[in-house]
Amino acid sequence: MAEPKTKYDRQLRIWGEQGQTALEKSSICLLNCGPTGSETLKNLVLGGVGSITVVDGSKVEFGDLGNNFMVDESSVGESKAKTVCAFLQELNDAAKAKFIEEYPEVLIDSNPSFFSQFTLVIATQLVEDSMVKLDRICRAANVMLIFARSYGLTGFVRISVKEHAVIESKPDHFLDDLRLNNPWPELKSFAESIDWDTSDPVIHKHTPYVVILIKMVEEWAKTHNGNLPSTREEKKDFKDLIKAKMIASDEDNYKEAIEASFKVFAPQGISSDLKQIINDSCAEVNSNSSDFWVLVAALKEFIGNEGGGEAPLEGSIPDMTSSTELYVNLQKIYQAKAEADCHEMEQLVRKILKDIGRDPDSISKATIKSFCKNARKLKVCRYRLIEDEYNSPVQQELQKYLTDEDYSIAVGFYILLRAVDRFAANYNSFPGQFDGEMDEEISRLKTTAVTLLSDLGCNGSTLTEDLINEMCRYGAAELHAVAAFIGGIASQEVIKVDRAYYIRWNSEQILMKSWM
């Protein structure tokens, strides 16, 4: 068997050993192993999930052979859960796999405590009533829950957790942590040691732009009462002063300084988003607080004291035109400051853990280091109950999207995916599921959808005939191509939730991202 570092080499490069360890410790329950569920779990098993439990009470039928690649002709009549579980085990023998021949709806109604043993539940192809019940169960047990459903050529993925704290949010655009307008003593001394008025052209064109900007900020502040450029005119003047320092047209370092001058104009201190997190009531920690909120409590203390209003320094610098010696020295200064800040944070974390009666070493040094590196980018995601979303929607938003040219189709499918569940509850089948009078089915679905819109407070809103006809044409079919796509999205979100990695979708984004 391949060593884990070789076996999972590609993904280790993305989420690191900590992320892989978290995945390997996960215990995941899949409800319904049709194509959507099977494709979701396949991706996770290949990724190295630790333990899986497949729950499905149905038998393999001939119709399954056309949309589920994890069953074959020899398994017709056999337990679907057993067949799919065996196939998944073959994909990765490191995963512990078991199956339960039972319909998920039965477990939800008769044995709700069953779900508390898992770290995460993936519920596929459930109707609205079962989704609401399961959501309540998992919230009470503090078990992460992800819903996935494919229906014809559309579908959805919905995350449901009380709260999910994200340390490595990986924003697309984020300002480098260089402290150009608030340098600490060692960085300031380094900048002062370099003569930018030197007549030596080689030294002049190889002074790092970080040094140029720090010196220019100091020079500007002397003539502007200690203030930074704030108006458009002042920012232009600041750039002109940098340009005036150039002694040759090929000085790329000064061009970089002009291009990076916007980093100087950023306000000192922490962002409003981070302020909101450190002032959250959860930052008042006790013995039951999560590791994340213990780290936030330490961060709040650090910012208010040792950090002087700033978060721990990240410690990395971007590439720039510079002599090797100056770049390496500058890099060492940033790294030394980051290490010192991390050490201070570690002491604070240990003290807080001791004060709340927990093991002072229960949070690893590696976790604290990762937290410090990403402290400016922390995110906290909180989700409403499915029941609240369904019964108390934001009517103004819903009305807006129903009439918006860009989103009306996606929101229309969102409404219809709920309407078909009501239809099934009333008529014991989904619209178009069996051969029959299609016109009658379309009329019934239209009536059901209008009633649903009225219940949601969207009186007078209508859905296009084309959308209603499409939903009836789908006949609740679970097409493999769509199921594979939905399963790919769902498994990706599982990894994000499990890893506290990247920003996850919220319910409104899912609402607007139905697929056709």
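Observations
- Heavy-atom accessible surface of the chain: percent carbon and sulfur, 1.4 Å: 48
- Accessible surface ranking that places the most exposed of 259, 344 first, with a 1.4 angstrom probe: 259, 344
- Solvent exposure ordering (accessible area, 1.4 Å, most first) of 119, 40: 119, 40
- Here's how it looks for residue 315: its modeled amide H is under 5 Å from none belonging to a residue 5 or more places away or on a different chain.
- Estimated dipole of the stretch 329-373 in Debye, rounded to 20 [Cβ of Lys and Arg +1, of Asp and Glu -1, Cα centre]: 100
- Basic side chains Lys and Arg get +1 at the Cβ, acidic Asp and Glu get -1 at the Cβ, and with that the dipole of the stretch 366-479 about its Cα centre reaches some 1320 debye.
- Positive dipole terminus of the chain, leading residue within 372, 304, 442 (C-beta point charges): 304
- For the chain, the residue among 360, 430, 454 whose Cα projects farthest onto the positive side of the dipole built from Cβ charges is 360.
- Computed over protein heavy atoms with a 1.4 Å probe, the accessible surface of the chain works out to 48 Å² per residue.
- Checking the cross-link pairs 98/162; 80/133; 42/446; 170/243; 263/377 against a 26 Å limit on the alpha carbon distance flags 98/162; 42/446; 170/243 as lying beyond it.
- Rounded Å value of the spacing that divides the Cα centres of the stretch 221-250 and the stretch 449-496: 55
- Which of 113, 261 is most accessible, then next, and so on - probe 1.4 Å: 113, 261
- Beta bridges per DSSP with both ends in the chain, % antiparallel, nearest 5: 40
- Listed peptides 450-460, 190-200 appear in the order 450-460, 190-200 once ranked by packing, highest mean of other Cβ atoms within 10 Å at the front.
- Dividing the helix sum by the residues of the chain, where each DSSP H run of 4 or more adds -39500 (n - 2.57), gives a mean residue ellipticity at 222 nm of -16000 deg cm²/dmol.
- Neighbourhood charge, 13 Å Cβ-Cβ cut-off, centred on residue 207 and excluding it, Lys, Arg +1 and Asp, Glu -1: -4
The values are calculated or read from the model by the stated rules, or taken from the named source; none is laboratory data. Nothing here was measured: the structure is a model prediction, and the numbers come from that model. We place every Cβ from the backbone using ideal geometry, glycine too, and count neighbours over all the protein chains shown. Accessible surface areas use protein heavy atoms only, side chains included; no ligands, DNA or RNA. Shrake-Rupley method; radii C 1.70, N 1.55, O 1.52, S 1.80 Å.
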